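Here the structure is laid out as structure tokens; the discussion comes afterwards.
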Amino acid sequence: MGAHAKPSPPALVDHHCHGLLRTEPGPDAFAALLSESDAPAPSGTTFLDSQLGYAVRRWCPPLLGLDPHCAPAEYLERRRELGPDETARRLLRSTGITDYLVDTGLDDDLTGPEELARAAGGAAWHEVVRLERLAERIADAAGDRAEFLAGLSHAVGEAAGTAVAFKSVAAYRYGLDFEPNPPGQAEVRAAADRWLACRTPGGRLTDPVLLRHLLWSAAETGLPLQLHTGFGDPDLTLHRCDPALLTDFARAVRPTGSALVLLHCYPYHRSAAYLAHAFPHVYADVGLALSYSGARAEAVLAEALELAPFGKLMFSTDAAGLAELYVVGAELFRRGLARLLDGWVGDGAWSAGDAARVAELIGAGNARRVYGLGPG
């Protein structure tokens, strides 16, 4: 490395993310991807006027040859000049993310895991299978309840042979206040009959019995099970997405050996930290929360680190659609964690060696262990 070469950022494993848009978004579509709202910004305003929007304008323009905080119109024009492929290449390759664990159940219009990893310069990719989307595809092809349930059992087992984890959005479809124990076979058959009788092709799975059946079917494979918790778009009811509601489920599912990974968690990240503290098989992240909290990301991360064991937190971006969200997620995580750890070392509360080890654990090591990825 030359005397003035910029050092490579520490490696990160993004343990929960999504693909990118294949086409260039217009200004409104770009801004909409910076919000969880399903409605336009109020007249005369934009979703770029947010902590996430300002973080994008701080960290992404220099990677495209512009000044930090340049005007949104200037940035979007530069994006159009480069095109979606070159924009993604420049942005993704700046992040230091070595492994992408991609939830493939969000939108068929997004790039798949292999395309994402190729744009990032040949990073490793791994699939996370979304349970509800899997069940909906099986239902679309099934002729009756018996065919649906047999197909679902086969599909979960087959996915367990190739994916590194399952993911559930039961928080959206029902809430986390579901009955914790596995439903009986007669209960599952009756629920499947009800759902299939009223369902149209492509219809969403919202039946609480079938959602529980999915969760338990996945847990019994032994693979990690990622669970959306905390805030999201208006499809969910926030108070029913508190991870503390999963306490009885965490107790019940522990004998399966499956790790429960609580995603996002905000504003209940302290509840998630408690569950990770109390249960050996529970893990957490605050990835999406860091991106949306922007300049306040350090405070959110500090609150998660109050109680969670350092071997239980993991880095993620939850990026979807825009490569900018990978950049912002990585920058805010690294910088927020570095400021926290430097302060604790400076106060004498931590040693420098311990700080470096914890940064590696949260950034990559914990995910490599939990998902069986092997050394980086």
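Each value in this text was obtained by applying a stated rule to the coordinates, not by laboratory testing. Note that the structure is a prediction, hence the values are computed from the model and not measured. Positions of Cβ are backbone-derived with ideal geometry, glycine not excepted, and every protein chain shown enters the neighbour counts.
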Which ones in region 232-263 are touching a helix residue (DSSP H, G or I) at 6+ places or on another chain (Cβ under 7 Å), of a type in the set (A, V, I, L, M), part of a helix (DSSP H, G or I) and farther than 23 Å from residue 164 by Cα?
-> 244
Within the bounds of region 295-305, is there any residue that is part of a helix (DSSP H, G or I), touching a Leu at 6+ places or on another chain (Cβ under 7 Å) and farther than 28 Å from residue 57 by Cβ?
-> no
For region 50-75, pairs from a residue that is touching a residue at least 40 places away in the same chain (Cβ under 8 Å) and among the polar types (S, T, N, Q) to a residue that is crowded, with 20+ Cβ neighbours inside 10 Å and assigned to a helix (DSSP H, G or I), with Cβ under 8 Å and 6 or more apart or across chains, are 50/292; 51/292; 51/293
May I ask you to verify whether residue 374 is under 27 Å from residue 254 (Cα atoms), assigned to a loop (DSSP other than H, G, I, E, B) and in contact (Cβ under 8 Å) with a residue 24 or more places away in the chain?
-> no
Being outside any loop (DSSP other than H, G, I, E, B) and within 19 Å of residue 238 (Cβ to Cβ) is the filter; apply it to region 162-218 and report the residue that is farthest from the chain's Cα centre (by Cα).
-> 208
Of all residues in region 112-128 being part of a helix (DSSP H, G or I) and without any contact (Cβ under 8 Å) to a residue 12 or more places away in the chain, which is farthest from the chain's Cα centre (by Cα)?
-> 118
May I ask you to list the residues in region 193-229 that are surrounded by 23 or more Cβ atoms within 10 Å (Cβ to Cβ) and either of a type in the set (Val, Ile, Thr) or more than 27 Å from residue 257 (Cβ to Cβ) (or both)?
-> 229
Check region 149-157 and report whether any residue there is out of contact with any Leu (no Cβ under 6 Å at 6 or more places or on another chain), part of a loop (DSSP other than H, G, I, E, B) and of a type in the set (S, T, N, Q).
-> no
Restricting attention to region 326-351, which residues are within 19 Å of residue 311 (Cβ to Cβ) and exposed (fewer than 14 other Cβ atoms within 10 Å of the Cβ)?
-> 349, 351
